[in-house]
Amino acid sequence: MKPGDSAAAIVRIRYFARLREALGCSEEDLAMPAAVHTVGDLAQFLRSRGGAWAVELAAGKPLLIAVNEDMAAAEAPIRKGDTIAFMPPVTGG
Amino acid sequence: MTVRVQTEDFDVGAEIGRLRADNPKIGALASFIGVVRDLNQGDSVSELTLEHYPGMTEKALEKIVSEARSRWELYDVLVIHRVGRLRPTDQIVLVVVASAHRGEAFQACEFLMDYLKTRAPFWKKERAGDATRWVETRDTDDTAARRWS
């Protein structure tokens, strides 16, 4: 993929707190695989990387996902240029 | 309405003073102050680090405040949440609600804290001795938030 290639559907993925540490990654830009249309698809794709990705993003693990800074459900669509955040359950206050 | 996320400490008296200044309609002010404890799950905690999602945190807090204002008649709301490194006895969070009567103020203040605890992207990491660990969520927080729905 060349820089400036407008056909590439790039999304930014961010990881927070325990997830960031466990995955060893705070953010990445990803060219969306053809099969990825929703938040759930993306989680599935990331799980397929195996190792910590499979463990930390395992189905049934409590996980919050935001699309462009709003909490989103697994069915939420993902579009080019979106920022998707994977977060553990929050513990503020 | 004001939402602030900051590393600095806050002065509760000064904040409430500013919030109520020149508004003779305010008859009730309810506030909540969250403080760092030195004990969690049986271990003595020496330090807490609060991480958040800059940008989303402010949006999430503003949404929670809007939700409170749609449920109760409120004159003003202030939410301050600290991030970064904190120690036991430090203040973490301040919620102040101004209304005409105490009922709305008490309820809205509790609602704001219950929602903040389950919806605002903050994460606590605590140090106990030489070890650090991410604080786990508590089921009681979810239960507390659910009673408002």
- From the list A:Glu75, A:Glu56, which one is among the charged types (D, E, K, R) and crowded, with 16+ Cβ neighbours inside 10 Å? A:Glu56
- Message: One residue is enough: does region B:40-49 have a residue meeting the conditions out of contact with any Gly (no Cβ under 8 Å at 6 or more places or on another chain), within 14 Å of another protein chain (Cβ to nearest Cβ) and surrounded by fewer than 17 Cβ atoms within 10 Å (Cβ to Cβ)?
- Response: yes
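Pick from B:Arg133, B:Arg127, B:Arg138: which is more than 21 Å from B:Thr57 (Cα to Cα) and within 14 Å of chain A (Cβ to nearest Cβ)?
B:Arg133
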- Checked pairs for region B:64-85, first within 19 Å of B:Phe106 (Cβ to Cβ), second modelled with pLDDT under 95 and of a type in the set (Ser, Thr, Tyr), C-beta under 6 Å and 6 or more apart or across chains, list as B:Leu78/B:Thr2
- Task: Among the residues of region B:48-101, write down those that are within 18 Å of B:Gly13 (Cβ to Cβ), of a type outside the set (Gly, Ala, Ser) and more than 14 Å from the chain's Cα centre (by Cα).
- Result: B:Asp76, B:Thr89
- Task: Name, by its number, the condition in (1) without any contact (Cβ under 8 Å) to a residue 60 or more places away in the chain; (2) crowded, with 17+ Cβ neighbours inside 10 Å; (3) over 25 Å from A:Arg18 (Cα atoms) that does not hold for B:Glu104.
- Result: (1)
- Task: All but one of (1) within 28 Å of B:Ile92 (Cβ to Cβ); (2) touching a residue at least 60 places away in the same chain (Cβ under 8 Å) hold for A:Leu63, so report the exception by its number.
- Result: (2)
- Would you be able to say whether some residue in region B:111-125 is closer than 24 Å to B:Ala14 by Cβ, assigned to a strand (DSSP E or B) and under 15 Å from the mean Cα position of the chain (by Cα)? yes
- Yes/no for A:Thr91 being away from chain B (no Cβ under 14 Å) and hydroxyl-bearing (Ser, Thr, Tyr): no
- Query: Is region B:34-45 home to any residue that is at pLDDT 95 or above and not aliphatic (A, V, I, L, M)?
  - Reply: yes
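Quick one: which of B:Pro88, B:Pro54 is in contact (Cβ under 8 Å) with a residue 40 or more places away in the chain and either out of contact with any strand residue (DSSP E or B) (no Cβ under 9 Å at 6 or more places or on another chain) or within 12 Å of chain A (Cβ to nearest Cβ) (or both)?
B:Pro54
With region B:17-109 as the region, which strands (runs of 3 or more DSSP E) entirely inside it contain at least 2 residues that are in contact with a Cys (Cβ under 6 Å, 6 or more places away or on another chain) and of a type in the set (A, V, I, L, M)? Quick ask: steps written out before the conclusion?
Numbers: elements: B:28-35, B:47-52, B:76-82, B:84-86, B:91-99.
Answer list for region B:17-109: B:91-99.
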- Item | Selection status of A:Ala43, more than 14 Å from chain B (Cβ to nearest Cβ) and at pLDDT below 95 | no
- Note on the structure: Picking from B:Ala120, B:Ala98, the residue that is buried (at least 17 other Cβ atoms within 10 Å of the Cβ), in contact with an Asp or Glu (Cβ under 7 Å, 6 or more places away or on another chain), modelled with pLDDT of 95 or more and not β-branched (Val, Ile, Thr) would be B:Ala98
- Among (1) farther than 30 Å from B:Val36 by Cα; (2) touching a Pro at 6+ places or on another chain (Cβ under 8 Å); (3) in contact (Cβ under 8 Å) with a residue 60 or more places away in the chain, A:Thr38 falls short only on (3)
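The values are calculated or read from the model by the stated rules, or taken from the named source; none is laboratory data. Given the structure is predicted, the values throughout are model-derived calculations rather than measurements. Backbone-built Cβ (ideal geometry, glycine too); neighbour counts: all protein chains shown.
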